[in-house]
Amino acid sequence: MPEFCDVALPVPLDTVFTYRIAGGSPASTPVRGARVLVPFRSLRLAGVVTALHDRAPKVAAKNILEVLDSEPALDDGLMKLGEWISQYYLAPLGEVFRTMLPLAAEVRRTRAYRITAIGQEALHSSAHGGSSLRSRRTPAEQMTEYAVLDYLNGQAAAREASVRAATKVSRRLLEGMVRKKWITREETAAARDVRPQRRIALLLEVAGKLNANQKTLIDTLAASGGRLPVEMLSGLELPKSTLAGLVRRRLVEIVEEAAPFSLSGMALRPEDFSLSAEQRAVLAHIEAAVASRKFSVSLVHGVTGSGKTAVYLAALQTVLDAGRSAILLVPEIGLTPAAAARLQATFGEQAAILHSGLTAGERAGQWHRIRKGEARIVVGTRSAVFAPVAKLALIVVDEEQDPSYKQEETPRYHGRDVAILRAQQAGAAVVLGSATPALESFYNAQRGKYALLELRERVEQRPLPEVEVVDMRAEFRETGEDQLFSRKLVAEIRERLERGEQAMILLNRRGYSAVVLCRACGETVECQNCAIALTHHKGRNRLLCHYCGYQQAVPEACPKCASEYVQFLGTGSEKLEERIHEAFPRARVGRLDRDTVRGRGDFERVLNALDAGELDLLVGTQMIAKGHDIHGVTLVGVVGADFALGFPDFRAAERTFQLLTQVAGRAGRGAMPGRVVLQTYHPEHYAIQFAARHDYAGFYEKELRYRKWMHYPPFTAVANLLIRSEKLEEALGYAGTIGRWFEKRKAPGLRVLGPSAAPLTRLKRDFRYHFVLKSESRERLNSTLRALQQRLTEQKIPPRNVVVDVDALSLL
């Protein structure tokens with residue numbers, strides 16, 4: 001029996017830690033892929049066992065505290081997948097495994113703080129008029145820091161919830177106090193008893209006589225799908241003897257199982273799988289790929305409204321009929337309810353859902369259903385690619401070009417690329433689908449690396465919507481006014497309302513006004529933590545930062561010169577909704593953006609209202625642009641979607657083209673033809689021109705030439721190396737150290753741009769500089785970055801201050 005095991009812990013250290021296996025009994029011996037609780041410094045953490053062995057470490061090994069799993073939480077295939085992610089994206093293995101396992105509900109975590117001797121000195125000095133608390137912090141933050149130290153002084157460790165409730169301190173401020181060593185943080189973890197729910201299960205079709213109470217319970221069970229929590233008895237006002245009598249007659253039984261979870265509140269039409277000839281040809285190719293039980297990748301390039309989802313569902317049914325499993329990835333939580341509802345309507349209890357919008361308990365419940373084989377069809381966002389399905393046959397990545405498949409924190413993996421690798425390991429088929437594929441995906445299809453499957457026509461041969469481009473520069477010259485809506489768009493909306501049809505209006509910017517500006521001195525009101533102008537949100541009467549969450553009251557005078565001439569410039573979706581109400585006061589208007597979709601059900605409620613004809617107009621950000629199949633929408637107005645063309649990012653044109661094409665595709669999906677009015681200040685830009693013609697091939701050829709000239713993907717692999725620190729001189733010093741290392745190394749075939757200030761020069765209090773690395777060889781790029789990581793460790797540059805983003809989608 002092994003004496004030691006290696007454990008990957010969720011800490012920012014690229015290593016595993018060796019622990020002694022205590023007890024010596026089989027029950028206390030973990031297996032590879034199982035979770036264990038272990039001591040780590042002053043903490044207790046849950047980690048994943050990576051190996052068992054008898055090699056004693058050079059230092060005394062601590063004992064495992066508790067084995068959480070008797071079987072692997074991650075099977076061998078998922079362990080290898082996690083190890084690949086760690087290597088390729090240069091992420092600590094423990095943090096990768098934490099991302100792969102949505103089981104936080106099964107581990108109870110407690111965080112507490114304790115004042116240190118340095119903190120007591122700072123508190124004493126400040127209380128006597130000293131300067132220990134003086135720093136870059138604002139006076140209000142210094143007062144909060146004093147309150148925290150005062151609260152912790154003279155007592156043992158206090159739980160974080162108590163500290164925050166007593167002092168109103170933010171987690172960010174507590175982190176800063178830990179870094180200054182005024183307080184210490186202590187974390188503990190312990191297994192949590194997740195108790196199943198006791199439920200009444202209907203066993204047989206009832207025959208024979210029932211009394212009134214028994215009939216009430218049986219009828220309620222039948223109406224609820226044959227399952228009810230035992231606690232429901234009190235709500236039905238039935239005595240316990242009613243249940244006992246039915247149990248004795250073996251008509252029902254008491255079972256213990258996870259609480260049920262409704263996949264979605266979306267109301268959708270049932271799937272009938274009546275496919276066109278084009279759809280059947282694509283489906284036949286996918287079915288053949290699945291039946292071969294060999295790894296393959298197919299790219300389904302279908303125009304908007306061509307019925308790609310129906311093909312996916314038919315393919316999933318084929319997989320299910322063969323007794324195998326499949327995963328459907330969708331890019332955003334907002335799209336998940338619609339996809340989940342269609343899966344549940346089609347596959348019933350065989351469908352499960354995984355995404356970050358669920359509670360920890362719900363995610364754990366869904367994960368266990370999948371692992372037990374109770375659900376063999378999984379739908380979810382990027383993390384669903386790690387679902388513990390058995391007999392994996394197919395992974396579908398819908399809207400494969402969407403940037404939300406790329407995680408923005410460690411591990412910075414791309415869900416689409418991880419899906420391809422997982423399918424390769426499992427011998428499964430991958431289907432990538434989009435009306436506007438990523439250039440890299442279409443390039444791979446053109447080279448024969450992927451199979452290209454095309455759907456060139458909409459279902460039932462419905463026409464693509466006509467697109468009219470309105471030059472807002474000419475509109476201003478002709479009217480002499482700077483209007484939000486062109487005359488053409490107003491006329492088209494009025495015509496739709498008179499005919500009882502529906503319209504969507506896109507403005508891809510949240511809030512009411514984008515900038516608050518002093519007309520006297522030119523000062524812009526910016527975030528205290530970021531080099532970003534604050535956005536005015538009229539409904540909340542606050543100025544908000546959309547990056548860090550900072551907010552403040554709307555100023556009555558300029559904070560710099562005290563002038564009363566403060567002006568609100570720019571337009572967001574909140575102002576758009578207000579202007580629509582003013583222009584069309586009798587119209588029923590809804591709005592979809594991150595300000596209106598705050599709780600569970602908000603997204604579904606708005607879309608259900610639109611689908612049911614309870615709304616005439618829907619305005620919003622890119623949330624309205626993708627995946628919605630509302631047959632009553634015959635007009636799409638694009639008020640502002642070309643802002644991104646000015647971003648210092650090589651993907652700006654591609655993203656603009658994709659957004660315009662996707663939102664245009666919402667029009668004319670029913671019996672009536674659609675129309676799009678596209679307002680722009682850049683009508684000559686090729687992204688606008690090709691989107692107006694629904695010409696993906698033309699855009700692809702034009703953009704591909706630019707990428708080749710500039711050595712960008714798909715011709716090279718790109719990594720963004722971000723250096724950040726709250727201290728400007730520290731960020732500059734780290735950037736200089738790394739820059740000199742690159743100059744000395746001079747790796748062949750590697751282009752290094754920088755260091756330079758990042759486009760967002762300050763974000764969440766950090767000053768930011770970056771390098772952009774390009775190489776035609778991914779292996780060479782990876783080996784250089786690994787060597788750099790080793791150099792950073794030698795130079796004692798903290799991992800937090802250097803972010804490595806492999807295959808970066810954004811350089812901001």
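Ranked highest first by average number of other Cβ atoms within 10 Å, how do 624-630, 71-77 line up?
Numbers: 624-630: 23.0, 71-77: 16.0.
Result, highest mean Cβ count within 10 Å first: 624-630, 71-77.
Given Cα pairs under 8 Å that are at least 6 residues apart, what percent is the relative contact order of the chain? Each step should come with its number before you reach the end.
Working: 1542 pairs, mean separation 77.0, N = 812.
That works out to 9 percent.
Could you work out [θ]222 nm for the chain from helices alone, using -39500 (n - 2.57) per DSSP H run of at least four and dividing by all its residues? Round to the nearest 500 deg cm²/dmol.
Theoretical 222 nm ellipticity from helices: -10500 deg cm²/dmol.
Quick one: grab the alpha carbon gyration tensor of the range 712-751, order the square roots of its eigenvalues as a ≥ b ≥ c, and give me rounded if a/c is under 1.5, else prolate or oblate depending on whether a/b is larger than b/c.
Because a/c hits 1.5 or more and a/b fails to exceed b/c, the range 712-751 counts as oblate.
How large is Rg over Rh for the range 346-490, taking Rg from the Cα atoms and Rh as the Kirkwood inverse mean of 1/r across Cα pairs?
1.13
What is the packing order of peptides 476-489, 655-668, taking the mean over residues of other C-beta atoms within 10 Å and listing the highest first?
655-668, 476-489
Which far-off residues, 5 or more places away or on another chain, put their amide H under 5 Å from the one on LEU432, with H placed in the peptide plane?
Here SER298, LEU299, VAL300, VAL397 satisfy the definition.
Determine the percent antiparallel among the DSSP beta bridges restricted to the chain, to the nearest 5.
Here the share of antiparallel DSSP bridges comes out near 55 percent.
For the chain, just say rounded, prolate or oblate: build the C-alpha gyration tensor, square-root its eigenvalues into a ≥ b ≥ c, call rounded for a/c under 1.5, and beyond that prolate if a/b exceeds b/c, oblate if not.
Here the chain falls in the rounded category.
I need the shape label for the range 678-775. Rule: rounded when a/c is under 1.5, else prolate if a/b > b/c, else oblate, with a, b, c from the alpha carbon gyration tensor.
Oblate, because a/c is 1.5 or more while a/b does not exceed b/c.
Please give the charge dipole size of the chain, origin at the Cα centre, charges +1 on K and R Cβ atoms and -1 on D and E Cβ atoms. Round to the nearest 20 debye.
2080 debye
Take the alpha carbon atoms of the range 59-102, find their center, do the same for the range 679-722, and report the distance between the two centers in whole angstrom.
Spelled out, the Cα-based centre of one part sits 39 Å from the other.
Once each part is reduced to its C-alpha centroid, what is the distance from the range 367-407 to the range 426-475 in angstrom?
Using only Cα atoms to place each centre, the spacing works out to 23 Å.
For the chain, which cysteines have no second Cys with its Cβ under 4.7 Å from theirs?
Singleton cysteines: CYS5, CYS548.
Can you return the lysines within cross-link range of LYS575? Criterion is Cα-Cα under 23 Å, with same-chain partners fewer than 8 residues away left out.
Straight-distance partners of LYS575: LYS488, LYS538, LYS626.
Read the figures in this text as sums done on the coordinates, not as results from a lab. This structure is a prediction, so every number in the text was calculated from the model and none was measured. When we count neighbours, we look across all protein chains shown, and the Cβ atoms used for this are built from the backbone with ideal geometry, even at glycine.
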